[in-house]
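First the structure, in the form of structure tokens, and then the observations on it.
The values are calculated or read from the model by the stated rules, or taken from the named source; none is laboratory data. Everything numeric in this text was worked out from a predicted model, so none of it was measured. Using ideal geometry, Cβ is built from the backbone for each residue, glycine included, and neighbour counts are taken over all protein chains shown. The area values use the complete protein model at the heavy-atom level, side chains included, leaving out ligands, DNA and RNA. Shrake-Rupley method; radii C 1.70, N 1.55, O 1.52, S 1.80 Å.
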Amino acid sequence: MRPAKLILPVAATAAVVATAIAVPQAERSASAADSSQPAAQHTAQKAGGKPAPEAKDVVLAVHGGAGTALDPATTSPEVEKAYRDGLSEALQAGQKVLDRGGNSTDAVQAAVEKLEDNPLFNAGKGAVFNADAGHELDASIMRGSDLKAGAVAGVRNVRNPIQAARLVMDKSNHVMLAGEGADDFAAQHGLKTVTQDYYFTQARWDALMKAKAEEAGDKSAAKSKEALADEQSKGTVGAVALDRGKDLAAATSTGGLTNKLPGRVGDSPIIGAGTYAKNGTVAASATGAGEVFIRGAATSTISNLIEFGKMNVPQAAYQVLVKRLPQLGGTGGVIALGPDGTFDAPHSSPGMLYGYLTKDGTIKTKIFPDESPANS
């Protein structure tokens, strides 16, 4: 099958990366997978399949969404760099917090803010359009030490929704605020507000137009470069962290689904579905088919399997993401971090963008299926 071009907006110092090439992992032949690694770093660190730790001694991890897979054979060096830089910059932002003795909640917020400001990812600046050609954004954050949490849903004028979620946690008696009330609450507390045109990117607009065409019966629209771009970067951004005090935290932010009904809320702002953190078990941020993650109570189930089922982090995350949620009709992934620094990132979708930071300062990013095969 011919690879399709994928238009993606990428902020750069003096230029914008215009196109990338991507095909779903399932469409790549074995020979292509073996011969398409442009560098040794593209070699998988662990084979897809049964649960096993991705890494140990991790203090911070981020993800940039799950969907179809980037193909290392056809992804330009510029696009690869943009993805890796975006994930690395988010990790570095959280690292600064942790290195100065800051707490895990501040670290995940700092990391997610960086991802929200990067138009490459479907959150904040890179948010997708809903069916009315508007933007409605969701975010949540949770602290593992006392199970405090905050979330916003359907905000339209907050530049960084994760900041609004943190405000709800710190400055209100509520867990979630939605719509106009959430926007007003954020503005009243001094958060930076924007008009809807701030979120505009050409790639997201093109994806909406193709979604509308497909909805109207154009079968070719589903295979277009715009549709593939949207599919590849669907989902959310998120972060999990472990600080010096052994406190866990998690945060998640999203623009939702292209062409979603106005008012639709996915799993990202729902504590226990898209985000969960509890000291002694896990900090988890999910990405994928939001409705399924809600029905399956994805992230809290991971925690419960660790606490009550006596599973470890990789076993619990694998059980939920690979065994349970696909039976409900959806795929995706999760980044999960345990109180001992054990980290895993299982995903049933062909691809997931993520990276992690270990306590010795090493940063690793994974954007190709060769680096992190889908679990089965």
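A few notes on this one:
- Candidate set: segment 337-376, residues that are acidic (Asp, Glu) and modelled with pLDDT of 90 or more; chosen: the one nearest to LEU91 (Cα to Cα): ASP360
- Filter pass, THR13 being surrounded by fewer than 19 Cβ atoms within 10 Å (Cβ to Cβ), at pLDDT 50 or above and in a loop (DSSP other than H, G, I, E, B): no
- Counted residues, segment 163-207 - those being of a type in the set (A, V, I, L, M), open to solvent by 20 Å² or more (accessible area, probe 1.4 Å), in contact (Cβ under 8 Å) with a residue 60 or more places away in the chain and not in a loop (DSSP other than H, G, I, E, B): 2
- Condition check for ALA110: open to solvent by less than 10 Å² (accessible area, probe 1.4 Å) and under 24 Å from THR299 (Cβ atoms): no
- Looking across segment 280-296, the residues that are within 15 Å of the chain's Cα centre (by Cα) and of a type outside the set (Phe, Trp, Tyr) come down to ALA283, ALA284, SER285, ALA286, THR287, GLY288, ALA289, GLY290.
- Residue in segment 89-98 that is more than 29 Å from GLY263 (Cα to Cα), surrounded by fewer than 23 Cβ atoms within 10 Å (Cβ to Cβ) and either of a type in the set (Val, Ile, Thr) or touching a Ser or Thr at 6+ places or on another chain (Cβ under 7 Å) (or both) present: yes
- Identification of strands (runs of 3 or more DSSP E) wholly contained in segment 228-309 with 3 or more residues that are touching a helix residue (DSSP H, G or I) at 6+ places or on another chain (Cβ under 9 Å), under 30 Å from GLU214 (Cα atoms) and modelled with pLDDT of 95 or more yields 248-256.
Residue by residue, here is whether (1) touching a Ser or Thr at 6+ places or on another chain (Cβ under 7 Å); (2) open to solvent by 10 Å² or more (accessible area, probe 1.4 Å) holds:
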position	(1), (2)
GLY330	no, no
SER349	yes, no
GLY355	yes, no
THR365	yes, yes
ALA374	yes, yes
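- Only residues that are farther than 28 Å from SER303 by Cβ and open to solvent by less than 60 Å² (accessible area, probe 1.4 Å) were counted across segment 147-156, and they come to 0.
- The set of residues in segment 283-312 being out of contact with any Leu (no Cβ under 6 Å at 6 or more places or on another chain) and hydrophobic (A, V, I, L, M, F, W, C) consists of ALA284, ALA286, ALA289, PHE293, ILE294, ALA297, ALA298, ILE302, LEU305, ILE306, PHE308.
- Residue match in segment 210-224 (condition: surrounded by 20 or more Cβ atoms within 10 Å (Cβ to Cβ), polar (S, T, N, Q) and at pLDDT below 95): yes
- Residue tally, condition in contact (Cβ under 8 Å) with a residue 40 or more places away in the chain and surrounded by fewer than 23 Cβ atoms within 10 Å (Cβ to Cβ), over segment 126-146: 6
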